[in-house]
Amino acid sequence: MPTDSADAKSDASPKMPLWASPAFIFYIAFAVRILWILIAHTYKLKTSDDNFSFGFEMGRIGRSLASGQGFSSPFSGNTGPTAWEPPLYPFLIAAVFRVFGIYTTASAFALLAINSFFSALTCIPIFRIAKRCFNQSVAVWSAWNWALLPPIIFWCTRWIWETSLAALLLALIFQLTHKLQDEEPRWKSWVLFGLLWGLTALTNPSLLIFLPGSGLWAWRKRFQRGLPSFTGIVLSAIIFLACVTPWTIRNHAVFGRFLFIRSNLGAELRLGNGPGATGLWMDYLHPTKNPQELEKYKSQGEIAYVAERKREAVALIKEDYGRFLWLSMKRFAYYWGGLPKPQNSVASNLARNALYSASSLLAFWGLLLALKRKEFAAGLFFWLILLCPLVYYFVFTHPRYRHPIEPELLILMAYAICEFKRPKSA
């Protein structure tokens, strides 16, 4: 019977061949990504939209920061201070702009290279998570899949956004949670747990929904082993608050009210719900696509604009809860099955998204196998898959929103395949 003990999944192993080394996989992954950026010229971004494709709202904020205008203006023109996006990645963009120039080809290459580094580095926690939870075969297959699969490479080599950084941070948190649950107390691990969650909050606050799941899972495992946790939890909480409090203070000073990291949830809720909603993002209502909405944003100010969009969304949801439930079910299907193209037939969309859907089903199969066999940390995989997508079921979804949990999904896929190939007598 599989054991839940970390000792049974020791990192110690016979000497691995070079191709099975996580460091080697990282170097190959990074080289492949840089080569693709160069070969496909993905650093040559559109300029016809006043460079908006260069980082979108985060690029606009980065431009404002690099120009000395502060954290402001996520759309067109000078619209004043903003909390529309979390701060970490726009500050990274600004730092690159100050070195290589605003909206230059050199800046685009540098940012895509940085994203590629984040993405390639994720191979290492993937390997360690898979080896600790399952075995070395699953670890090697998972890491190589992350290193070479085109859908994984796409996001870091084409999108100037926080997507690859968020995936790395969440994978590191997942790995550290395993470590916390069965080790003797070490203050450095608790500090790192709080720091990683603080950085995640400043990168992609949506992922914070997994914080209670990861923390409670580690606490419960430690409790079952008779290990103390109170001091470590308090230390992690202090470090987390130390990370996010300065930005919260900034938001209060600028907007005169409490805002935890970002301001735009109400607006996003309206972009997924209301008249004409189909479960997809209603981008035609976004200030970047709709001049009337942009004028409202400018005239009302960000906080009042978001509050009005939230009131509209809540009122529309209350008018017909059944419709909201149906839309949420469709968004669940789109998150795991891929987005349809409205102009295509059902059969055409199913064929177009077949691989995307199959990957989700394979990951679910791996999760069920892990839970059935009581594999190490199967419950943590369960909470991740249950919690992280929740907000998107009620707002709207996009393939990019699945990417932060893709490392863990790939591990479950590799586990399912390895178990299928394993002899029945094994």
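Couple of notes before you dig in:
- Residue check: G226 meets all listed conditions (1) buried (at least 24 other Cβ atoms within 10 Å of the Cβ); (2) without any contact (Cβ under 8 Å) to a residue 40 or more places away in the chain; (3) farther than 30 Å from W36 by Cα but one, namely (1).
- Residue ranges of helices (runs of 4 or more DSSP H) in region 84-174 with at least 1 members crowded, with 24+ Cβ neighbours inside 10 Å and aromatic (F, W, Y): 88-100, 123-133, 136-148
- Qualifying position, being among the aliphatic types (A, V, I, L, M) and farther than 20 Å from I385 by Cα, among L176, L192, L168, L196: L192
- Taking the listed residues E419, E375, E408, the one that is acidic (D, E), in contact (Cβ under 8 Å) with a residue 12 or more places away in the chain and not in a helix (DSSP H, G or I) is E375, with no other qualifying.
- Residue in region 230-241 that is within 20 Å of C388 (Cα to Cα), under 21 Å from the mean Cα position of the chain (by Cα) and in contact (Cβ under 8 Å) with a residue 12 or more places away in the chain present: yes
- Leading residue by the ranking (surrounded by the fewest Cβ atoms within 10 Å (Cβ to Cβ)) among those in region 45-81 that are of a type in the set (A, V, I, L, M, F, W, C) and not in a loop (DSSP other than H, G, I, E, B): F56
Conditions (1) among the β-branched types (V, I, T); (2) without any contact (Cβ under 8 Å) to a residue 12 or more places away in the chain; (3) closer than 21 Å to L168 by Cα, marked per residue:
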site	(1), (2), (3)
G55	no, no, yes
G70	no, yes, no
S76	no, no, no
T79	yes, no, no
E85	no, no, yes
F91	no, no, yes
A106	no, yes, no
A120	no, no, yes
C133	no, no, yes
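- Among residues of region 203-249, those that are under 30 Å from W84 (Cα atoms) and not in a helix (DSSP H, G or I), counted: 1
- Those residues of region 254-291 which are surrounded by fewer than 14 Cβ atoms within 10 Å (Cβ to Cβ), farther than 26 Å from F324 by Cα and not aromatic (F, W, Y), in sequence order: G256, R257, P291
- When residues of region 23-35 are limited to those that are crowded, with 19+ Cβ neighbours inside 10 Å and farther than 23 Å from V99 by Cβ, the one farthest from the chain's Cα centre (by Cα): I25
- Residue match in region 330-347 (condition: among the hydrophobic types (A, V, I, L, M, F, W, C), under 16 Å from M413 (Cβ atoms) and touching a helix residue (DSSP H, G or I) at 6+ places or on another chain (Cβ under 6 Å)): yes
- Residue within region 392-405 that is hydroxyl-bearing (S, T, Y), buried (at least 22 other Cβ atoms within 10 Å of the Cβ) and not in a helix (DSSP H, G or I) present: yes
- Within region 348-363, residues that are in contact (Cβ under 8 Å) with a residue 40 or more places away in the chain sit with their Cβ atoms under 6 Å from residues that are aliphatic (A, V, I, L, M) and in a helix (DSSP H, G or I), at 6+ positions apart or across chains, in these pairs: L362/M413; L362/A416; A363/L409; A363/L412; A363/M413.
- Flag if T177 is crowded, with 21+ Cβ neighbours inside 10 Å, in a helix (DSSP H, G or I) and touching a residue at least 60 places away in the same chain (Cβ under 8 Å): yes
- Region 126-157, residues that are farther than 22 Å from P399 by Cβ and under 18 Å from the mean Cα position of the chain (by Cα): I129
- Counting the residues of region 329-360 that are small (G, A, S), part of a loop (DSSP other than H, G, I, E, B) and surrounded by 12 or more Cβ atoms within 10 Å (Cβ to Cβ) gives 1.
- Residue ID - nearest to P150 (Cα to Cα), chosen from residues in region 1-44 that are at pLDDT 85 or above and in a loop (DSSP other than H, G, I, E, B): T42
- Residues located in region 294-321, provided they are in a helix (DSSP H, G or I) and of a type in the set (G, A, S): S299, A304, A307, A313, A315
- Residue among E308, E302, E375 that alone is modelled with pLDDT under 95 and either under 27 Å from A267 (Cβ atoms) or out of contact with any Ser or Thr (no Cβ under 9 Å at 6 or more places or on another chain) (or both): E375
- Condition check for A218: of a type in the set (A, V, I, L, M), more than 13 Å from the chain's Cα centre (by Cα) and under 18 Å from S236 (Cα atoms): yes
The values are calculated or read from the model by the stated rules, or taken from the named source; none is laboratory data. What you see is a predicted model; the values in this text were computed from it and never measured. Heads up, the Cβs are rebuilt from the backbone with ideal geometry, glycines too, and the neighbour counts pull from every protein chain shown.
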